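Read the structure below first, then the notes.
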Amino acid sequence: MERSVYPRPQGLCFSPILKQSEVFMQVEFTLIINRFGRPLSPTRRTDMIRKKIGRGLARPVTWLHKGIRVVQFFERKYDNIIVTDHFGIAIDPGYKYIGWNVYKLTHNRIIVLFCGTFELETSKVTERMKERAMYRRIRRRHRRINCIEKFGRAKVRIPRWKNRKRTEKWLTPTGTYLVRNHVNLVRMFKKWLPINQVCIEYAMFDTQRMQNPNIHGWQYQTGPAKDFDHVRQYVLCRDKSACQICHASGIPLQVHHIIPRSQGGTDRQENLITVCPNCHQKIHNGEATCPKPNTIPLKPAGVLNSCMNRILEELELETDGEVLRTTGIDTKVLRRQYSLPKGHDIDALVIARNCLKLKHKLMYPDSVKLVKYRRHPSRAIVTRKEDRKYYEVGSRKCVAKNRRKRTGQTFDSLQDYLKENRNHPPLRVTPGKVIERIDWTTQKKKLRNEVSRFIARGALIQYTENKQKKYSVASRFEPRHYKIILETGGEVKLKQFNRILKFGGIASIF
């Protein structure tokens, strides 16, 4: 009986067509890389891995999920091993969720190693770009003010924005974000497994059929707003030139966006409503409400349609052209044939079977949830303070310390020295001695206000519970209560916290 030093995950999830006696897959296994970082075939021999780590012949690198770890071997005999097993990944592309499934081919049979969903933040790309633009304008404004105060005029900059051109493969920032995350998902697994094949569903959405499932032929050339010169005319005609709140007519009317454009609303007819000026003002003041639009959001489908071909091109470059395609119709038919529920991870399993044309019973382990977080700035876990000293060239006299004054510093800083000495001689700088070195992981209570700078949403942390090391993703830090809130809803006290392993990026929720 195999002995494991790591906790096993929960039980397997089965499709309705399987019996419990037919399940033989083990969930826990180890991904292996050699000392050069090249991936090797994974193993389920946990005893062998434990002994190698104890003898110093291997070291644990990271955790992919509960029961799935990555270990690096240091022995030279693994340097030139050729992996003969065939590994691949199946992808169900999406706007917010990407379904994925990592499998192994052996004896014309698919063995599913692990599968799951990858949650993205595609809808927040536009908001973040506006936020960046706001901070950029504020920064440049203060820079101009400082230049005017010092030199009497602002610095003249060459207008670079007039020289920018869009290339042939240009995509919107939202589309670029989507393409990069599909490619980064494959790259992440290629670091730990010798993946040389990708199966993907080539999905091109018919937006008109999404709105009207019975559309056919010539109806694609017509629409509800045909023969109208403007959308506003159609909305007034549709609402019979009457306010939809107070039902007043015979007065000047206005067209209102039900979902404001600042909140992602569009100019589609379903998002517009006819109101009178009084009711329009009441809606903006919060004194009246208008009906919710009964529409299907088309933005996700439009973004996927615009970047689907680019996703295929990038994946072909990543895997040297080994990309197999299937269609959404084939996925739907096979899923209904086996009475499988709708899910992104389940669709990835069906996509792999459709592309490889191999018949076997669909079996899958627990779903692994990956989430894409914003990467925090790389902040050093150890705070190191040292004095930077400035001397006049040819003199040993120190004229300034540090660029700006630190808390409690009485000596002039470089900023103060330059204000008082405009025509100063040339200076030379030398790094001083380390005056303070704080390892905040050992002084948690003292530096609880500093911990919040490091523990942000998406940080992978290590903590101790019942004398066992555990890992999870942090959601936020509450300094008043001395605890960390996890993405799973649990809590970790500050005295249990050990260290941060990763700042944002792709993290696994477990």
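Structure above, values below:
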quantity	calculated
Segment 85-111 residues near the modelled T176 label - backbone nitrogen below 20 Å, point 7 Å along Cα→Cβ	95-96
Segment 47-91 residues near the modelled L358 label - backbone nitrogen below 16 Å, point 7 Å along Cα→Cβ	84-91
Accessible area in the full protein assembly, largest first, 1.4 Å probe, for I296, I484	I296, I484
Percent of C-alpha pairs per 10 Å bin, the chain, short to long	3, 12, 18, 21, 19, 14, 9, 4, 0
Prolate/oblate/rounded call for segment 31-174, Cα gyration tensor, a/c under 1.5 rounded	prolate
Computed FRET value (nearest 0.05) for F205 with R166, which takes r as the C-beta separation and R₀ as 35 Å	0.90
Accessible-area ranking of F87, F74, F151, largest first, probe 1.4 Å	F151, F74, F87
Rounded to the nearest 10 Å², the accessible area of M129 at probe 1.4 Å	90 Å²
With all protein chains modelled, accessible area of L460 [1.4 Å, Å²]	30 Å²
Accessible-area value, R499, 1.4 Å probe, nucleic acids and ligands omitted, Å²	110 Å²
Gain upon complete extension [N305, H86; 0.36 nm per residue less C-alpha separation]	75.7 nm
Global geometry of segment 129-181, whether rounded, prolate or oblate, following the gyration tensor of its Cα atoms and the 1.5 cut on a/c	oblate
Extension reserve of the R55-R406 stretch, reckoned as 0.36 nm per residue once the Cα distance is removed	121.6 nm
Spin-label pair N214/R388, simplified geometry with 7 Å Cα→Cβ offset, distance in nm	7.3 nm
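The values are calculated or read from the model by the stated rules, or taken from the named source; none is laboratory data. Since we're looking at a predicted model, the values are computed, not measured. Cβ: placed from backbone, ideal geometry, glycine included. Neighbour counts: every protein chain shown. All accessible areas refer to the heavy atoms of the entire protein, side chains included, with ligands and DNA or RNA removed. Shrake-Rupley method; radii C 1.70, N 1.55, O 1.52, S 1.80 Å.
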